[in-house]
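Here's the structure, in structure tokens; my notes come after.
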Amino acid sequence: MVITKRKVIEKVFTALIILCLIFAPMVGVNYDLTKYLPDSTPAAQAIDILETDFTYPGMGRVMLKDVSLYEAKAIKDRIADVDGVDMILWCDSTTNIYGSSAFIDYADIGDYYKDGDAYMDIAFLESDSSSRTHKAVREIERIVGERGLVAGSAVADTNLGPTINREVSLVMVLAVIFIFVILAVTTTSWFEPVLFLMVMGIAIILNMGTNIMFGEISFMSNAVGAVLQLACSIDYSIFLLHAFTHEKASGIAPEQAMANALRSAVTSIGASGMTTIVGFLALALMRFGIGPDMGFVLAKGIALSLLTVLLLMPALILRFQDTIERTQHRSFMPSFRKFGELAYKIRKPIFIVVLVLIIPCYVAQGMADFTFGNEAVSNSVGTPVYEAEQQMNAKFGQSNTMLALVPVGDNITERAMTDEIDALPYVKKALGLAAALPEGVPESFLPQSVTSQLHSAQWARVLVSVRSAGESEQAFRYADEIRSIVQSHYPDAPTYLIGVTAATQDIKQTLTSDYSFVNIISLLGVALVVAITYKSILLPLVVLIPIEAAVYLNTALPYIYGQRTLFLGFIIVSCVQLGATIDYSILLTGNYLDARAQGDKKEAAIRSVAASAQSVITSGTILTTVAYALYFLSSVDAIGGLGQLIGRGAVMSMTLVLFMLPTCLTIFDKWIIKPDYAQKKHARLNRIHATKLVLPAINELHQQHLQLREQLRSNRRARRKAAYDKLSGMLTGRKKRAQSTSENEEENSHDSK
């Protein structure tokens, strides 16, 4: 069916590509990790309250250089008038800057004005990721100009999207070039790499367009989805083309060769695809919402790659087979027989080294210095926002805004709580409506436009500016102390503390609880696929040993290097490395079983490495190259760090598969080798080739159907022509009779005259 209907399939895919190209730009991208918190977390509940009763504000920072208090005040008022700005924390809320300098205690306002420089904290009406906030940031940057610096989470978010899009586009261009070069060296036709990239490009477009079903995807899925889909699934098209070439070399007609290739390759392609899909889908079971987001996007991409390879690629291969043959070149790859012998020779030292390292690495992988929240994503070293932050911190110290939410109505309690928080040594300013009201002045005397910023019908919010980073052990300790003070004043009522620090604490708690669960599920899922494929219970364990060892070695290195790592990337790489590189183990294991049916364990181990090395090295090099391109070209730590983990993991996986897996197979040989394996495989191949008459028969019936349809059309045309001729003759006869009658009448008229 796939071969006989290939023209229809091409038309369907063409229509789908056009639709997906239209839909892809409509997919939203989210850069705010707090949106993925489970609804049960305090931070998520607080955000819901803020969005209902107030707003969940994005935060910004401004530092003005070489300005007087009056100039700073004028600029501050201009910023306050920008659409999207809610409020600005500056010294004019507690100090009369228009008074004489002799009456201003500059030590008291040192957090906001020092040595001719002014500092301000800005709260926006909407979140960091809001388009309204982004426009406000751009307007503030215009107002400040060269006289100062603008930073903060809202500014970082504003710049994050364009930065990621620009860098990922560059990565994709370089990835295509690198992959073409790698495939040109490892294949025997100059056109084969073009065909592979064409098929994968179509699958990527389909995945990007079908993301419209989610409405919005995370920046991580948007940044690495296409790159990982390209690197992880290009093997499928290579498997199919090589199977077709092998069948065609035996003298079989192209259509029949493709039919045989599909039947023989569908098992290996399906098993490879399913293990990768299962590895990615394990992410979908995370409580933290970015896991399901990435899991579904990546798994859908692999599934679409499988469908594109199995449905569209046969048509493209048959269409371009003459071009492939005309562009043939000699093989640039050497024989890997000696490589297999080397791998067998050094198998024991490598196996012992891995066994010695595996337990310490398993322990060390959870001891690295991890980051968890938005600040680790958007405020990366080397970005303009980071540099601006460093200059502000050097002059005025770090600044971190938190919001306390308490029940409204008891202004005395709210004032006492605000004053206690304001007295903390690490708090720059605590601003609440009750504390700001003069003694004896009721709240009702103030306009609604003022009170609504801090009081709603049910909740009061207090802004707390803290001298700390948004994410650090110090910030977590400060948040716990402030939260304790809030709860002590409202022991019987629900209260919340929200901000970058509080949200990061909830993200940390959620992610750490997800880690072990996701790892176990991904392992069990992949093991199940391997067990079903090979109909063996022990074989999945053997296949997984080198991959899991590579995962432990890879994830332990950040601790060994003292490198700070995003914990989210730490979870993702465990599933991605397992799902993307388990194919190497499956391929080598299949070759070992084939070779074992014809020889002893030693020869089988050598031949399995020799037969698998080119494919494993090709696939591993592609994944490594693409991942390290992300690492070197992305200025966003979250994306670059994930690229480094994936690239390094791919190198370790292919190394251990080629040098450690044959040893594992020989150790467990007597339990995994079935006596009838060779007979079953030969029987399966015989069944595949025994169906070689089916396709010609189908083609013959199809041709007879076309001939019959053409004959019917010809008969209909003949009948229509005969009817037309008959009608035309009748009309001609009538015209002649009418003309003759007219001529007779004219003659009679003439005679009478």
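The values are calculated or read from the model by the stated rules, or taken from the named source; none is laboratory data. This structure is a prediction, so every number in the text was calculated from the model and none was measured. Because the Cβ atoms are built from the backbone with ideal geometry, glycine has one as well, and the counts that use them run over all protein chains shown. The area values use the complete protein model at the heavy-atom level, side chains included, leaving out ligands, DNA and RNA. Shrake-Rupley method; radii C 1.70, N 1.55, O 1.52, S 1.80 Å.
Structure notes:
- Residue check, Phe372 open to solvent by less than 20 Å² (accessible area, probe 1.4 Å) and touching a helix residue (DSSP H, G or I) at 6+ places or on another chain (Cβ under 7 Å): yes
- Phe351 vs. criteria open to solvent by less than 50 Å² (accessible area, probe 1.4 Å), assigned to a helix (DSSP H, G or I), under 30 Å from Ile667 (Cα atoms) and aromatic (Phe, Trp, Tyr): yes
- Residues of the stretch 1-37 that are surrounded by 14 or more Cβ atoms within 10 Å (Cβ to Cβ), under 20 Å from the mean Cα position of the chain (by Cα), not in a helix (DSSP H, G or I) and not aromatic (Phe, Trp, Tyr): Val27, Val29, Asn30, Asp32, Leu37.
- Sole residue being open to solvent by 10 Å² or more (accessible area, probe 1.4 Å), more than 30 Å from Gly58 (Cβ to Cβ), hydroxyl-bearing (Ser, Thr, Tyr) and at pLDDT below 90, chosen from Thr186, Thr163, Thr210: Thr186
- Within the stretch 295-322, the residues that satisfy the criterion of being over 19 Å from Ile9 (Cβ atoms) and modelled with pLDDT of 90 or more are Gly295, Phe296, Val297, Leu298, Ala299, Lys300, Gly301, Ile302.
- Subset of the stretch 54-67 (residues that are open to solvent by 10 Å² or more (accessible area, probe 1.4 Å) and modelled with pLDDT of 85 or more): Met59, Arg61, Lys65, Asp66
- One residue stands out among those in the stretch 389-405 that are of a type in the set (Gly, Ala, Ser) and touching a residue at least 24 places away in the same chain (Cβ under 8 Å): the one that is surrounded by the fewest Cβ atoms within 10 Å (Cβ to Cβ), which is Gly397.
- Check on Ala303, open to solvent by 10 Å² or more (accessible area, probe 1.4 Å), of a type in the set (A, V, I, L, M, F, W, C), in contact with a Pro (Cβ under 9 Å, 6 or more places away or on another chain) and free of Cβ contacts under 8 Å to residues at least 40 places away in the same chain: no
- Of all residues in the stretch 449-473, exactly one satisfies the criterion of being open to solvent by 20 Å² or more (accessible area, probe 1.4 Å), of a type in the set (S, T, N, Q) and closer than 20 Å to Lys508 by Cα, namely Ser472.
- For the stretch 574-631, the tally of residues that are among the small types (Gly, Ala, Ser) and under 14 Å from Pro662 (Cβ atoms) stands at 11.
- Residues satisfying the stated conditions in the stretch 231-261, i.e. among the small types (Gly, Ala, Ser), over 30 Å from Ile646 (Cβ atoms) and in a helix (DSSP H, G or I): Ala249, Ala257, Ala259, Ala261
- For the stretch 519-546, the tally of residues that are within 23 Å of Ala368 (Cβ to Cβ) and at pLDDT 85 or above stands at 5.
- Scanning the stretch 518-574 for residues that are open to solvent by 20 Å² or more (accessible area, probe 1.4 Å), under 28 Å from Gln505 (Cα atoms) and β-branched (Val, Ile, Thr), we see that the one that is nearest to the chain's Cα centre (by Cα) is Ile521.
- Residues located in the stretch 489-512, provided they are hydroxyl-bearing (Ser, Thr, Tyr), touching a residue at least 60 places away in the same chain (Cβ under 8 Å) and either touching a Ser or Thr at 6+ places or on another chain (Cβ under 8 Å) or surrounded by fewer than 17 Cβ atoms within 10 Å (Cβ to Cβ) (or both): Tyr490, Thr501, Thr510
- Out of Ser264, Ser233, Ser268, Ser237, sole residue that is over 25 Å from Thr323 (Cα atoms) and of a type in the set (S, T, N, Q): Ser268
- Among residues of the stretch 599-625 that are within 23 Å of Ala231 (Cα to Cα) and open to solvent by 20 Å² or more (accessible area, probe 1.4 Å), those with a beta-carbon under 7 Å from a residue that is at pLDDT below 90 and of a type in the set (S, T, N, Q) at least six positions away or on a different chain give the pairs Ala611/Asn591; Gln614/Thr186.
- Any chance Tyr515 is under 28 Å from Leu578 (Cα atoms), open to solvent by less than 70 Å² (accessible area, probe 1.4 Å) and among the aromatic types (Phe, Trp, Tyr): yes
- Residue in the stretch 408-426 that is in a helix (DSSP H, G or I), at pLDDT below 90, farther than 24 Å from Asp492 by Cβ and open to solvent by less than 70 Å² (accessible area, probe 1.4 Å) present: no
- Residue under evaluation Ala457, criteria (1) assigned to a helix (DSSP H, G or I); (2) at pLDDT below 90, criterion not met: (1)
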